[in-house]
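Q: The structure follows.
The values are calculated or read from the model by the stated rules, or taken from the named source; none is laboratory data. What you are looking at is a predicted structure, and each value in this text was computed from that prediction instead of being measured. Cβ placement follows ideal geometry from the backbone for every residue including glycine, while neighbour counts extend to all protein chains displayed.
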Amino acid sequence: MVSAQKGRGKRVKVWLSTEQVEAMLAAAARRNIRDLALLRLLKDGLRVGEIVGCHDRTVYTRWKDKKHKELGRELCESIVDLPGLYYQDIRRDARAIWVKGKGSKVELYPLTDLTMDALVAYVHQAALGPGAKLFDLSESKAEDLFRFYAREAGIEDWDRPGFGPHRFRAFTATDMADKGFTHFQIRDRMRHSKIQTTEQYVGRSTAKQLRSIVDKVSELDRAQVT
């Protein structure tokens, strides 16, 4: 894991390692299938608000014209209204789920096999049916659960300001980059509108991954010499 060595009260990005993510998933699997399904959906790249629902209104100010700041600022508001996931959103045949995300976009989002298996097992165990919301959790409760499993996994930075479910999205983006996917492919998986946003999500490679990269470069160098 890579994290800045700053005061614990400061908001800094924490990059999770594969071992840490797997430890969190293992801790959830030992406790209950609902939490495992939640964490796997997060690991697949879904936002916490898309999973459990989010209803938020933010008021802020912005320049009326950045090139002419003498015109002053104006009051704006941002409204996020996400319903969360429901039983009928699951498409087992396609191994995917319907998701309403930012900008009210509704998309059929492919899930990995492990995530789909955990989700189906949870739905069966909880006896959920048509009309049922998959997770009866608030956004803040889901965030608390994420931090709980981070602490259970021995992650020292679990209580840092800003540490939360989005760290799984950052991990997934970085992991995809390390596996050779292009930033454009990662952008599509993360459903970012701009490639610059994707680049902010991709963190640093681990020491093991860097060793693999250097070995690959060495191999190519030797091939050029011969």
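Q: So which of Lys133, Lys64, Lys102, Lys69 is closer than 15 Å to Leu38 by Cβ and basic (Lys, Arg)? Step through it out loud before you land on a result.
A: Details: Lys64 fails: closer than 15 Å to Leu38 by Cβ; Lys102 fails: closer than 15 Å to Leu38 by Cβ; Lys69 fails: closer than 15 Å to Leu38 by Cβ.
Just one listed residue meets the conditions, Lys133.
Q: Can you name the number of the only condition in (1) modelled with pLDDT of 95 or more; (2) not in a loop (DSSP other than H, G, I, E, B) that Tyr60 fails?
A: Looking at each condition in turn, Tyr60 falls short on (1).
Q: While we're here: Suppose we filter the range 63-91 for residues that are closer than 30 Å to Arg167 by Cα, out of contact with any Cys (no Cβ under 6 Å at 6 or more places or on another chain) and at pLDDT 85 or above; how many remain?
A: Within the range 63-91, the first condition is being closer than 30 Å to Arg167 by Cα, and the residues that meet it are 76-91.
Cutting the leftovers down to out of contact with any Cys (no Cβ under 6 Å at 6 or more places or on another chain) gives us 76-79, 81, 83-91.
Imposing the further condition that a residue be at pLDDT 85 or above reduces the set to 83-91.
The qualifying residues number 9.
Q: Now a separate question. What's the total number of residues in the range 88-122 that are at positive phi and in a helix (DSSP H, G or I)?
A: The first filter runs over the range 88-122 and keeps only residues at positive phi, leaving 95, 103-104.
Add one more test, that the residue is in a helix (DSSP H, G or I), and what stays is 103-104.
Final tally of qualifying residues: 2.
Q: Taking the condition at pLDDT 95 or above and farther than 17 Å from Ala27 by Cα, does Gly103 pass?
A: On the way: at pLDDT 95 or above: no; farther than 17 Å from Ala27 by Cα: yes.
For Gly103, the condition - at pLDDT 95 or above and farther than 17 Å from Ala27 by Cα - is not met.
Q: OK, next. Do the conditions hold for Val120, that is, is it β-branched (Val, Ile, Thr), touching a residue at least 24 places away in the same chain (Cβ under 8 Å), farther than 17 Å from Leu137 by Cβ and surrounded by 12 or more Cβ atoms within 10 Å (Cβ to Cβ)? Can you show your working first?
A: On the way: β-branched (Val, Ile, Thr): yes; touching a residue at least 24 places away in the same chain (Cβ under 8 Å): yes; farther than 17 Å from Leu137 by Cβ: yes; surrounded by 12 or more Cβ atoms within 10 Å (Cβ to Cβ): yes.
Considered against the rule, which asks whether it is β-branched (Val, Ile, Thr), touching a residue at least 24 places away in the same chain (Cβ under 8 Å), farther than 17 Å from Leu137 by Cβ and surrounded by 12 or more Cβ atoms within 10 Å (Cβ to Cβ), Val120 comes out as yes.
Q: To continue, here is another question. Suppose we filter the range 74-87 for residues that are assigned to a strand (DSSP E or B), within 10 Å of His55 (Cα to Cα) and of a type outside the set (Val, Ile, Thr); how many remain? Before you say what the answer is, go through the steps one by one.
A: First pass over the range 74-87, keeping only residues assigned to a strand (DSSP E or B): 74-82, 86.
Narrowing the set further to residues that are within 10 Å of His55 (Cα to Cα) leaves 79-82.
Pick out the ones that are also of a type outside the set (Val, Ile, Thr) and you get 81-82.
The total comes to 2.
Q: While we're on this one: Filter the range 149-206 down to residues that are outside any helix (DSSP H, G or I) and of a type in the set (Ser, Thr, Tyr) and give me whichever is nearest to Glu19 (Cα to Cα). Outline the logic, then answer.
A: Residues of the range 149-206 outside any helix (DSSP H, G or I): 153-155, 160-165, 179-182, 191-194, 202-206.
Next cut, of a type in the set (Ser, Thr, Tyr) only: 182, 193, 205-206.
On the way: Thr182: 23, Ser193: 30, Ser205: 13, Thr206: 11 Å.
That would be Thr206.
For every residue, the table says whether it meets (1) under 12 Å from Leu41 (Cβ atoms); (2) surrounded by 14 or more Cβ atoms within 10 Å (Cβ to Cβ); (3) among the aromatic types (Phe, Trp, Tyr).
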{"site": "Asp93", "(1), (2), (3)": "no, no, no"}
{"site": "Lys105", "(1), (2), (3)": "no, no, no"}
{"site": "Thr115", "(1), (2), (3)": "yes, yes, no"}
{"site": "Glu139", "(1), (2), (3)": "no, yes, no"}
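Q: I would also like to ask the following. Answer yes if at least one residue in the range 18-34 is modelled with pLDDT under 90, surrounded by fewer than 21 Cβ atoms within 10 Å (Cβ to Cβ) and touching a Leu at 6+ places or on another chain (Cβ under 8 Å), and no otherwise.
A: Step one: of the range 18-34, the residues modelled with pLDDT under 90 are none.
No, there is no match, as no residue in the range 18-34 is modelled with pLDDT under 90, surrounded by fewer than 21 Cβ atoms within 10 Å (Cβ to Cβ) and touching a Leu at 6+ places or on another chain (Cβ under 8 Å).
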